[in-house]
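Reading through the structure tokens given below for one structure.
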Amino acid sequence: MKIRGKHIILFFVLFLTGFILVVNYEFTDSGNFDPLNRLNSTWAQENELRNQIIMEQSLNKMLQEELRLYQYQVRELEENLSTVNEKSEEKAENLLEDIERLRKIVGQVQVTGPGIEISLEDSDYLPNGANPNDYIVHEGHIQQVVQELYVAGAEAIAVNGYRLRHSSFIQCIGPVISVDGNISSAPFIITAIGDADHLEAALTLHGGVQHQLINDEVTVRIQKKTNILLDSYLTEG
């Protein structure tokens, strides 16, 4: 029997159709391809990222508004200072002290002086079957140290080089820490300027912050420094 061209074409069409049906069946039967689940997963990831961006934007807006308020107070004090006369020297000195204090709170100026350096590190030991989250540094540990340093009279504080203010926002994001929107990872170095002996004593009190951190499996190291330089947080535009 003579094979014609149209028979060959028909053969290839039928072969291709069968191949497509077999591949489609295997994908469906194996359950490895689920477009709906994949689409839902993509939407969930996008929604999580969108919520994180919204949170960071809200935080940045709040920080900028607070900065403008402090800057207004500084300008107001400077204007008041320019009007004093020779009989108001004491008042002028008080105004200068207030200006300097506000600038340190805002983080507008560099601060230098003696102080201490505290290192917080994840535990080197992880028992079998233990939850790793129970052996790493969390935002609460950093906040404990920062709050104790402020109470003890620290003039300026930084976490891994990021200058803090009294209203700074520290937050856990998975295995890292966000400090006012700046991502930082362990080990966390907390630097504080002030009376080194007094700051160290405040942290090492029996039953105090250092003791609590050690109980939480956090490795703590404290070192006195003769001179520390902390850069400013933000500058006026």
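Scanning segment 196-222 for residues that are in contact with a helix residue (DSSP H, G or I) (Cβ under 9 Å, 6 or more places away or on another chain), open to solvent by 50 Å² or more (accessible area, probe 1.4 Å) and either within 17 Å of residue 113 (Cα to Cα) or among the hydroxyl-bearing types (Ser, Thr, Tyr) (or both) yields a count of 1.
Does at least one position in segment 65-78 carry a residue that is closer than 30 Å to residue 193 by Cβ, at pLDDT 70 or above and β-branched (Val, Ile, Thr)? Within segment 65-78, one or more residues are closer than 30 Å to residue 193 by Cβ, at pLDDT 70 or above and β-branched (Val, Ile, Thr).
Just so you know, in segment 123-150 the residues that are modelled with pLDDT of 90 or more and touching a helix residue (DSSP H, G or I) at 6+ places or on another chain (Cβ under 7 Å) include one that is surrounded by the most Cβ atoms within 10 Å (Cβ to Cβ), and it is 149. A count restricted to segment 223-237 and to residues that are open to solvent by 60 Å² or more (accessible area, probe 1.4 Å), under 25 Å from the mean Cα position of the chain (by Cα) and of a type in the set (Ser, Thr, Tyr) stands at 1. Looking only at segment 147-202, residues that are among the charged types (D, E, K, R), more than 16 Å from residue 230 (Cβ to Cβ) and assigned to a strand (DSSP E or B) come to 0 in all. Of the listed requirements (1) in a helix (DSSP H, G or I); (2) more than 24 Å from residue 110 (Cα to Cα), residue 217 misses just one: (1).
The values are calculated or read from the model by the stated rules, or taken from the named source; none is laboratory data. As the structure is a prediction and not an experimental result, all values here were calculated from the model. Note that we place each Cβ from the backbone using ideal geometry, even for glycine, and neighbour counts take in every protein chain shown. All accessible areas refer to the heavy atoms of the entire protein, side chains included, with ligands and DNA or RNA removed. Shrake-Rupley method; radii C 1.70, N 1.55, O 1.52, S 1.80 Å.
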